Amino acid sequence: MDKRQRAQYLMRIKKGILTECVLVVMAVAVLTGQRERLEARRAANNPVLAVADDYIKWVDFTVSYEALCSAYDWDVKTHDTEHEVHWVELLAYTAAKTGGEFDKNALKIMEKAAKALSEGEKTIEELTEKLQYYPYYKEAYDAAIGGLVGEYEEEKEDGSYEARYGLKGYFPLARGFDYTHYDDFGVSRSYGYKRRHLGHDMMGLTGTPIMAVESGRVEALGWNQYGGWRIGIRSFDGKRYYYYAHLRQNYPYAEGLEEGSIVTAGDVIGYMGHTGYSTKENVNNIETTHLHWGLQLIFDESQKEGDNEIWIDIYPLTRFLAKHTQTAVKVEGTKEWVRTNKIKDPAVEGF
């Protein structure tokens, strides 16, 4: 092989190597793009991957009614014992094990863990040591239901108060009033613009007393063209915003309620109606009398209003809260109703 042939041969080798390098770079780019698209799709469908910056951006609250009941029973049964089982931690552990599923198998997993915790065989730290997403579920579930169980004092018939531990959150309707409901979260709405239903509707009679689910501060009160007469109450820890809408025409609110008012769980705050769907105030443009109540989770104040709002499906939670209802009596000669027995909530006292 002479010099000219050798030079041509080396040139072909260089071109071949260069071509292979280009192909490798292109392949890496394609694979990287596919991986990024896959991660994006996973993030869109998996609430665990929606944690960005330093606060949670999305929560898919899938805890079933059965899981809420079981975890709550373990919490109450073991309260003030050597090995307490905290219901939020138990639910978060189960979700971290199952990816947020709460089927029959998940209930078995939760039951086994609760037994181990209550008997001192394991600590929650030991159970969750290798569960990557436990901290996420713990923070998310604490934000959703963390204020509903705890210590409080309940008024007795003689006017004195008795210390209690358990469910201190209340069902949103007064005891004894008929209602119907079903899981309607995410159903399409068309008034104003096409959107998803981000709350839970409870159909009933006009004037049914509406009760505060949790103690907190009235943050919004007045007319909204979508919700009609509505109330927004913020929990004292700032994580939960309770929204009650479509309240009664002409007499929507409990007497004296205003923005800034402090309410205790179980207080009468308003009355069921069918106002809304109008820019004009005090109009009944909703066909069916019902309470729309919703629960927004807030991990950062930027999420309070706008595109980053987090509203969760509260149908299972509504069923669970039916364990704790409050009676109300009508104030003679008025349209007003008031609760029949009071509680002392440490959250209110602390605030």
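The values are calculated or read from the model by the stated rules, or taken from the named source; none is laboratory data. This one's a predicted model, so the numbers in the text were calculated from it and none came from an experiment. Note that each Cβ is placed from the backbone with ideal geometry, even for glycine, and that neighbours are counted across all protein chains shown. Remember, those area values only see protein heavy atoms, side chains included, never the ligands or the DNA or RNA. Shrake-Rupley method; radii C 1.70, N 1.55, O 1.52, S 1.80 Å.
Taking a ≥ b ≥ c as the square roots of the eigenvalues of the Cα gyration tensor, an a/c ratio of 1.5 or more together with a/b no larger than b/c marks segment 123-213 as oblate. Probing with 1.4 Å while keeping every protein chain in the model, the per residue accessible area of segment 215-348 equals 41 Å².
Local charge for Asn284 was computed over the other residues whose Cβ lies under 15 Å away, with Lys and Arg +1 and Asp and Glu -1, and equals +1. Peptide packing for 133-142, 334-343, 170-179, 87-96 was compared via the average number of neighbouring C-beta atoms within 10 Å per residue; ordered from the highest value, the list is 87-96, 133-142, 170-179, 334-343. If the chain linking Glu281 and Tyr251 were pulled fully straight, counting 0.36 nm for each residue of separation and taking away their Cα-Cα distance, it would gain 9.5 nm. A 1.4 Å probe run over the protein chains yields, for segment 92-131, 61 Å² of accessible area per residue, whole-number rounding. Potential lengthening of the chain between Asp184 and Glu151 amounts to 8.6 nm, from the contour at 0.36 nm per residue minus the alpha-carbon distance. Determine the share of segment 85-137's accessible area contributed by carbon and sulfur atoms, expressed in whole percent, with a 1.4 angstrom probe. Carbon-and-sulfur percentage of accessible area, whole number: 47. Here r is the Cβ-Cβ distance between Glu332 and Asp158 and R0 is 35 Å; the resulting FRET efficiency, rounded to 0.05, is 0.90. For segment 66-150, the square roots of the Cα gyration tensor eigenvalues, ordered a ≥ b ≥ c, give a/c below 1.5, which places it in the rounded category. A protection proxy built from the mean count of other Cβ atoms within 10 Å ranks the segments 304-311, 211-218, 250-257, most packed first, as 211-218, 250-257, 304-311. Give the carbon-plus-sulfur fraction of the accessible surface of segment 209-346 in %, rounded to a whole number; probe 1.4 Å, heavy atoms of protein chains only. Accessible surface attributable to carbon and sulfur in segment 209-346 totals 43 percent. Once you have a ≥ b ≥ c as the square roots of the Cα gyration tensor eigenvalues for segment 157-294, tell me rounded if a/c is under 1.5, and otherwise prolate or oblate according to whether a/b is larger than b/c. Prolate, because a/c is 1.5 or more and a/b exceeds b/c. Structural size metrics of segment 52-113, computed from C-alpha coordinates, are Rg and Dmax of 12.7, 38 Å.
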